[in-house]
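Here's the structure we're looking at; comments come further down.
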């Protein structure tokens, strides 16, 4: 019997987020962002969040607008991104509100998420001139991802750029919430095409 992972609203699905959580948000250059989840996150009464988000540099996006506003309103304690958001660039202190910006190479963020999902975070596998170094993983409390289609088992497939961050964030999170365009019964998705298995998906919304 399939577990009921489908939630009626973004508000219900996001009820698991608490103060201080580490939250990953999918999206690449404004594409593949979970817009409904982002809008609801912006009005939640939470603080001291740590967000992982790939800020776009070529276009505006819901994610960029929402997360910039959350930083300015004091809801975000730390932002991990590959790029310096425009509002941070124009700030005299280099901060937005009390948010600390941490810039990490895109490939390194992906690897930090991947090794966490693979259970390898903290394993010493990088050797430097000073000896062994640990590559510290990024463990997400919650991942907010965007998918094309899900079934009620939580299996997810993606369209194009949606695939950039969603699969690796889902693997690295304790709770993954997927916003999808289409929701179907189990068995409707070809198993050969499933990209993120349902074991990694805890909650699903499918906005009308």
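Every read-out reported here was derived from the displayed coordinates using simple, explicitly stated rules and does not represent laboratory data. Note that the structure is predicted; figures quoted are calculated from it, not measured. As a convention, Cβ positions derive from the backbone with ideal geometry for all residues, glycine included, and neighbour counts pool all protein chains shown.
Could you check what % of the DSSP bridge pairs in segment 14-84 are antiparallel, to the nearest 5? Spell out each step's value before the answer.
Values: 1 of 9 bridges.
Taking every DSSP beta bridge with both residues in segment 14-84, the antiparallel ones total about 10 percent.
Could you tell me the calculated FRET efficiency between residue 103 and residue 192, based on Cβ-Cβ distance and R0 = 30 angstrom, to the nearest 0.05?
Rounded to the nearest 0.05, the efficiency is 0.20.
Which entry is the computed mean projected area of the Cα convex hull in nm² for this structure: [x] 11.7; [y] 12.7; [z] 14.8?
[y]
Relative contact order for the chain: what percent, with Cα pairs under 8 Å and sequence separation of 6 or more?
24 percent
Quick one: among 188, 179, 136, which has the greatest mean-square fluctuation in a GNM of the chain with alpha-carbon springs under 10 angstrom?
Result for the chain, Cα springs under 10 Å: 188 fluctuates most.
What number, rounded to the nearest 500 deg cm²/dmol, is the helix-based mean residue ellipticity at 222 nm of the chain, given -39500 (n - 2.57) per DSSP H run of at least four residues and division by all its residues?
After summing the helix terms and dividing by the residues of the chain, the value is -6000 deg cm²/dmol.
On a full-extension model of 0.36 nm per residue, what is the gain between residue 47 and residue 4, subtracting their alpha-carbon distance, rounded to one decimal in nm? Write out the running numbers ahead of the final one.
Values: separation 43, 0.36 × 43 = 15.48 nm, distance 2.92 nm.
Gain on extension, residue 47 to residue 4, equals 12.6 nm.
Counting other beta carbons within 10 Å of each residue's own, what order do 205, 194 fall into, fewest first?
Fewest-to-most Cβ neighbours within 10 Å comes out as 194, 205.
Taking 0.36 nm per residue of separation and subtracting the Cα-Cα distance, what length does fully extending residue 78 through residue 11 add?
21.8 nm
Would you mind ranking 201, 67, 115, 195 by Cβ crowding within 10 Å, fewest neighbours first?
Least to most surrounded, the residues fall as 195, 115, 201, 67.
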